[in-house]
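Chemist: Supplied in structure tokens, the structure appears directly below.
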Amino acid sequence: MSSYYDLDDLLAEEETVSVVFRVAADGVGILDPGSEDNNVEQGAKVDVPLWLAQDLCQRQAAFINLPGYFSQRVRKEMQADPGCVDIRTRCPYFYGVGCKLVPITNDATLGSFLLYTLRGRYKDILSKAHSAAISSTPKVMQILSREETMLFQAGRDSMTAFKRWRVEGTRMERAAVLGKKRKSQEL
Amino acid sequence: MAGQSNLQLSVFSAAEVEFLAEDEQIDIVPNVRMDTLHMICGDYGPFRPQIPVKVPLWLAIALKKRSKCRIQPPDWMTVEKLTQVLEDEREAPREFQPLPFHYVEISRLLFDHAREDISDPYLVRSLLEDIRDVRFHKVESGLENLSAKTHAVKLKNLAAMEVNIVRPFIVRALQCFYKHDSEELVKQSASEVESQAVSSDRVPRRTLRPR
């Protein structure tokens, strides 16, 4: 699903995560607004975009703190009722970010938590996608993550297209040429 | 084969499915005398008044529009047959009754162009709608069982239009589940998330609707 040209994949990597530097880094003070000189000190906590965090962690230059939306509190909330948790305001790329964090974090339960979340919310999306009204934006869309929204839209669009086909009156489209009146005098 | 209306998703639009359905054969009773028509897809005719002849649906509709024939609705489009199908459909919550692959489109085309040839059109139409609703509800409740272990979905006797409606959703849902259930994510091996193993066809398939 993730590919080089996938826009959602790129945007997911823009999400900021907080990392703690294991080593001091010179000349990158721009990353840490709190630094006085142009350096990041060892043990400094810095917010960086995910794409940078991935690289830093792979080079053992930093370790990652899981973002708040993967905290125990949210997990408990998710266990209570997956369908009601508002993912969208927490992180629109919940799954994308989660998947990218799995290889660089020590938390072994993250992957299964993502799967649990998806499974729990899937049924809700399924039942609402095909029965949603055509015109209005349903309420459920306000709490779906970007990935879930695409799933929801896929179901809703095909259902809408079918309903439109069913009620549509004349299906024969007249070619533009046929409608024109012939000029009275041809050259 | 993919539809032309949406190149990215390779899905058919409803109109494209309808176009495919127009190749189905149907009986007509001509009321004119006409020689055999030689088409690329075959020869049809000769047409003699009151002698039934089999033609593709598109030809039947073209002739009907010029009122040169009467279309004989197919056997399954009768009140008795449809009532029976609806009953069976309701009684068997886990399987679909055999109906023609293009039953949604054929009935729609006949209702649009040859309404007067159908006996009891109101009842037939409402029966068809009921059957479609019941069947779609079954598809939905079947899809609820979709899980990470699902690698393929078996939907026996599902009609073209019904498949077409759920196709984008199923494809995306299966992709999501496949991604999130991959070994790398759940069992936390050191390898990269992106390098997912290609799905092998040898895994046991989950039957959504066991017969």
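Chemist: Would region A:91-103 turn up any residue that is in contact (Cβ under 8 Å) with a residue 60 or more places away in the chain and of a type in the set (A, V, I, L, M)?
Modeler: Scanning region A:91-103, I find at least one residue that is in contact (Cβ under 8 Å) with a residue 60 or more places away in the chain and of a type in the set (A, V, I, L, M), so the answer is yes.
Chemist: In addition: Quickly run through region B:143-159 and pick out the residues that are at the interface with another protein chain (Cβ under 10 Å from one of its Cβ atoms) and buried (at least 17 other Cβ atoms within 10 Å of the Cβ).
Modeler: Result: B:143, B:146, B:148.
Chemist: Let me ask something else about it. Looking at region A:95-109, which of the residues that are part of a loop (DSSP other than H, G, I, E, B) and among the hydroxyl-bearing types (Ser, Thr, Tyr) is nearest to residue B:180 (Cα to Cα)?
Modeler: In this case the residue turns out to be A:109.
Chemist: Which members of region A:111-151 meet the condition of being surrounded by 15 or more Cβ atoms within 10 Å (Cβ to Cβ), assigned to a loop (DSSP other than H, G, I, E, B) and of a type in the set (Gly, Ala, Ser)?
Modeler: A:132, A:145, listed by residue number.
Chemist: Among the residues of region B:81-110, count how many are under 19 Å from the mean Cα position of the chain (by Cα), assigned to a helix (DSSP H, G or I) and either among the polar types (S, T, N, Q) or surrounded by 16 or more Cβ atoms within 10 Å (Cβ to Cβ) (or both).
Modeler: 12
Chemist: Turning to a different aspect of this structure: If residue A:15 satisfies every condition in (1) more than 18 Å from the chain's Cα centre (by Cα); (2) of a type in the set (D, E, K, R); (3) within 23 Å of residue A:109 (Cα to Cα) but one, which is the exception?
Modeler: Among (1) more than 18 Å from the chain's Cα centre (by Cα); (2) of a type in the set (D, E, K, R); (3) within 23 Å of residue A:109 (Cα to Cα), residue A:15 violates only (1).
Chemist: Which pairs turn up if I take residues in region A:142-161 that are more than 10 Å from every other protein chain (Cβ to nearest Cβ) and look for partners that are hydroxyl-bearing (Ser, Thr, Tyr) and assigned to a helix (DSSP H, G or I) with beta carbon separation below 8 Å, at least 6 apart in sequence or on another chain?
Modeler: These pairs meet every condition: A:145/A:95.
Here, each number is a calculation from the coordinates, and none is a lab measurement. Source: prediction; values computed, not measured. FYI the Cβ positions are ideal-geometry reconstructions off the backbone, even for glycines, and counts take in every protein chain you see.
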